[in-house]
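Computed from the coordinates by the stated procedures, all read-outs in this text should not be read as laboratory data. For clarity, every value in this text was computed on a predicted model and none was experimentally measured. Counting neighbours? That spans all protein chains shown, and the Cβs are built from the backbone with ideal geometry, glycine included.
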Amino acid sequence: MFKLNATPLLASALLLGASMATQAGTVSWTDWTSASATTVQGSLVVGPSTVNVSFSGVYSFAQTAGGTNYWSPDAPYLSSVVGNAPPASDIIGLDTGGVATITFSQAVVDPLIALVSWNGNTVDFGQPIEVLSYGGGYWGSGTPIVNVNSTGFYGSGEVHGVIRLPGTFTSISFSHTSENWHGLTVGVVGLPVPEPETYALMLVGLAAVGFAARRRKS
């Protein structure tokens, strides 16, 4: 009689999940490629997957190919979570306040928003955020003061840094106030992965297929 011991399988699945988690750190930042009157389009390459990204809302300018690299220096964008600052010059610049929405073509985990020069802005995402890093950037330095609900921040001085929205999202929206200009881009570390229980079921299935194949041969 064939008997499958699920305990080692589950342990292996947990180890596999833990291994994948510890490899996080290299961020896929959006390559913004085109812009229209109220939208900016781009994409994220995450491993073998390409995720289309769309920004909608009032914006001042969008750099999609060349221009000033406002992400220099790297320091305010690096942390124990983020191992690489946004590359090159891709950025969306905002001036008029209002509501903006970022939409992903498939679900992403813990999306990151990199900030340039959010000075005097009151920002709210309507859900909890985490400030991963901030410091002196292209236009100086400032401190993001998180609101009492942890759903947004006020930019005291020239805020340059990265915030994270914990969870799985296909879109995120935020409100912000007017200023000369403040810029952003979007990144992710990874996409949703199966839960450990799913790994265990997958391993059970593979074992069952192997057992059936051996029986056919015999």
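Some points to look at:
- Positive-end residue, the range 25-191 charge dipole about Cα centroid, Cβ charges, pick of 67, 113, 145: 113
- Using the Karplus relation 6.51 cos²θ - 1.76 cosθ + 1.60 with θ = phi - 60°, the per-residue 3J(HN,Hα) values for the range 53-70 come to 10, 10, 9, 10, x, 6, 9, 8, 7, 9, 9, 10, 7, x, x, 5, 8, 6 Hz, with x marking Gly and Pro.
- Nonlocal amide H pairs with residue 46, under 5 Å, H built at 1.01 Å: 51
- Alpha-carbon centroids, the range 48-98 and the range 113-129: separation in whole Å: 14
- Diffusion constant of the range 25-191 at 37 °C, which comes from Stokes-Einstein with the Kirkwood Cα-pair radius and 0.692 mPa s, µm²/s: 213
- Close amide H contacts of residue 167 (hydrogens built in the peptide plane, cut-off under 5 Å, sequence separation of 5 or more or a different chain): 110.
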